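J.: Please see the structure below; I have some questions.
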Amino acid sequence: MPNDCISYQDSGYFSPLMNDYLNRKPELEKLYNRFPTLENFGAQIAEKQSNFDHFKREKLVAVLNQQYSEIVASKPTQQNIEALSDQKTFTITTGHQLNLFTGPLYFLYKIISTINLTRELNEKYPENNFVPVYWMATEDHDFEEINYFNYNGKKFRWNRESLGPVGRLSTQGLDEIFEVFSLELGSGTNASTIRDLFENAYLKHDNLADATRFLANALFGEHGLVIIDADNADLKSNFIQYIKDELLFRNSEKLVLETISKLNNYPIQVNPREINLFYINNNLRERIIFEGGLYKINNTSITFSEAEILSEVENHPENFSPNVIMRPLYQEVILPNLCYIGGGGELAYWLELKAYFDYVKVPFPILLLRNSVLLATEKQANKADRLNLDWADLFLKQNVLVNKKIAELSEFPIDFSPQKKFLQQQFENLHHMATQTDKSFIGAVKAQETKQLKGIENLEKRLLKAQKRKHADALERIKELQNSIFPFCGLQERQVNFAEFYIQNGSELIKKLFKELNPLKNQFDILVF
């Protein structure tokens, strides 16, 4: 089985909302600005260019230069940072949490999608420049989501207390993780590369934001990736008017709830609060609550009057952190951004925000679903061939796959649908006769029909069990293969760390991903190594 692909819609791993978005269902058109096609970027460029001033560009470049002062930036990255001062330069952005050692594989896929899209845009629109940006989620505070990674079926967890923004968290204690992980890696050139990468990132930087910047730069700096930490006073000074508006008028909740009311048929990804801001310091990230005419910081004794909190915003904007509802707006205010690349869950909450963006008069970016990838070894691909499986088979839920293969392996039909249909036809005649007699006979016919259909279904289930026992060896090999590619019956990209594949393939892993992934094709790629 060679490299292949399957549509997101056929993979079975995307929500109805994402499938309908990819299918451009007309009911969703009011929830986004432009669908991600190369041609649609032309209008997006014109709209963003007229909305983003040079003062913001100068401040952005100054902050990025300061943030890169402690690491070695590649020439392409340096050029991209300086290019951001030009009004013809725009960003393509992805964001991700500060997962320990990148967390699961899709960290790579997000960034490679972003870089590859900028390359396509540079070819399509040579009069402009396009810069790939990785937005580090340094202000998040859900430490339990990011404090581990999986390698070879083992979980490496960083146990410590975290109360404030995770980007400010000290890397103290990661030397213990390094010692255990280093032993697990074994020997060899690729193992040494991974070992050095972890050590240089986490043992030689004081906080998680700096460590993650180093790591992402080491992996993707040569491709011109620009990494931004938006937990910054200068950047937040550009967001002051929106923070004040949220505190005073609290329109985001109303506008997002109006949008949510139009999503009746879909699960809601996030719900807004009355005020969608946190108050933060090194050891604090708590909601701002308006109560009794005062602004209170949840779970603390800190309170502000209206005048006091507006003064705090003006003088210390760095103390205010947007939550999931306002973070996208903050991003689009401080970056000359055209497109956000994210996973299905991320795009689902972005689709709740269009009316809010319209209210604040900030262009809504193009939303692009990141690349998804299944990585397989040649051994696994050959085993699938021997078991007469294709990739579409392996994407099926395991019980569905097992029943499908049993039907193929069985020497006779296991599906008793023809027998059920024949029985129902016979009872149709009896029902017709029953209508011409008394009601008790009608009930007796219905009861007998139910009983006999139930009997056929029970026979069908017993036959299926018997065939499963007969073909147990083949089914076990099928399940074993699927479990090796879909750990815990879920997507590999959400479980496995990149180190697992880097150990086997070295730098060829990332090279192949860059070569094969096309962010605008909307397909789930299967790559065989």
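J.: Could you give the dipole magnitude of the chain about its Cα centre, charging the beta-carbon of Lys and Arg +1 and that of Asp and Glu -1, in debye to the nearest 20?
T.: 2000 debye
J.: Turning to a different aspect of this structure: With the cut-off at 20 Å, tell me which of the pairs LYS88/LYS124; LYS204/LYS511; LYS421/LYS446 have Cα atoms farther apart than that.
T.: Long pairs (Cα-Cα over 20 Å): LYS204/LYS511.
J.: When Rg is the radius of gyration of the Cα atoms in the chain and Rh is its Kirkwood radius, what does Rg/Rh come to?
T.: For the chain, the value is 1.06.
J.: Let me ask another. Which of the trypsin sites (Lys or Arg not before Pro) found in region 251-340 are loop residues per DSSP with 15 or fewer other Cβ atoms within 10 Å of their Cβ?
T.: Loop-located and lightly packed - LYS262.
J.: Carbon and sulfur atoms: what percent of the 1.4 Å accessible area of the chain do they account for?
T.: 48 percent
J.: What share of all Cα pairs of region 52-103, in percent, falls into each consecutive 5 Å distance bin?
T.: 4, 17, 22, 22, 20, 9, 4, 1
J.: Restricting to DSSP loop positions (anything but H, G, I, E, B) with no more than 14 other Cβ atoms inside 10 Å of their own Cβ, which GluC sites (Glu not before Pro) remain in region 142-206?
T.: In loop regions of region 142-206 (DSSP not H, G, I, E or B), the sparsely surrounded GluC sites (Glu not before Pro) are GLU161.
J.: Let me ask another. If I fit a long axis through the Cα atoms of helix 417-434 and take the longest principal axis of the Cα atoms of the chain, what angle between them do I get, 0 to 90°, rounded to 10?
T.: Helix 417-434 and the main axis of the chain meet at about 70 degrees.
J.: Roughly what % of DSSP beta bridges within the chain run antiparallel, to the nearest 5?
T.: Of the beta bridges lying entirely in the chain, close to 45 percent run antiparallel.
J.: How about LYS479: which lysines have a C-alpha closer than 26 Å to its C-alpha, ignoring those fewer than 8 places off in the same chain?
T.: Cα-Cα hits under 26 Å: LYS154, LYS155, LYS379, LYS383, LYS397, LYS404, LYS405, LYS461, LYS465, LYS468, LYS470.
J.: Restrict the search to region 113-161; then list the trypsin sites (Lys or Arg not before Pro) that DSSP places in a loop and that have at most 15 other Cβ atoms within 10 Å of their Cβ.
T.: Here the sparse-neighbourhood loop sites are ARG160.
J.: A further question follows. Just to confirm, what accessible area per residue do you get for region 289-428 at 1.4 Å probe, in whole Å²?
T.: Per residue, region 289-428 has an accessible area of 41 Å².
J.: So, one more: State whether region 206-329 is rounded, prolate or oblate according to the following rule on the C-alpha gyration tensor (a ≥ b ≥ c being the square roots of its eigenvalues): a/c under 1.5 gives rounded; otherwise a/b larger than b/c gives prolate, and the remaining case gives oblate.
T.: Since a/c reaches 1.5 but b/c is at least a/b, the shape of region 206-329 is classed as oblate.
J.: Using every pair of alpha-carbon atoms in region 443-515, split the distances into 10 Å bins beginning at 0 and state the percent of pairs per bin, rounded to integers.
T.: With 10 Å bins starting at 0, P(r) equals 16, 21, 21, 16, 14, 8, 4, 0.
J.: For LYS354, go through the lysines and keep the ones whose alpha-carbon is under 23 Å away, minus same-chain ones fewer than eight residues off.
T.: LYS25, LYS30, LYS48, LYS56, LYS110, LYS236, LYS244, LYS254, LYS262
J.: OK, next. Please list log₁₀ I(q)/I(0) at q = 0.21 Å⁻¹ for region 130-235, using the Debye equation with identical point scatterers on the alpha-carbon positions.
T.: Computed log10 I(q)/I(0) values: -1.25.
J.: May I ask you to give the solvent-accessible area per residue for region 48-133, in square angstrom, as obtained with a 1.4 angstrom probe?
T.: Per residue, region 48-133 has 38 Å² of solvent-accessible surface.
J.: Please report the orientation-averaged projected area of region 1-123, defined via the convex hull of its C-alpha atoms, in nm².
T.: With the hull built on Cα positions only, its mean projection is 11.2 nm².
The values are calculated or read from the model by the stated rules, or taken from the named source; none is laboratory data. Everything numeric in this text was worked out from a predicted model, so none of it was measured. Virtual Cβ from ideal backbone geometry, glycine too; neighbours counted across all protein chains shown. Calculation scope for accessible area: heavy atoms of the full protein, side chains included, ligands and nucleic acids excluded. Shrake-Rupley method; radii C 1.70, N 1.55, O 1.52, S 1.80 Å.
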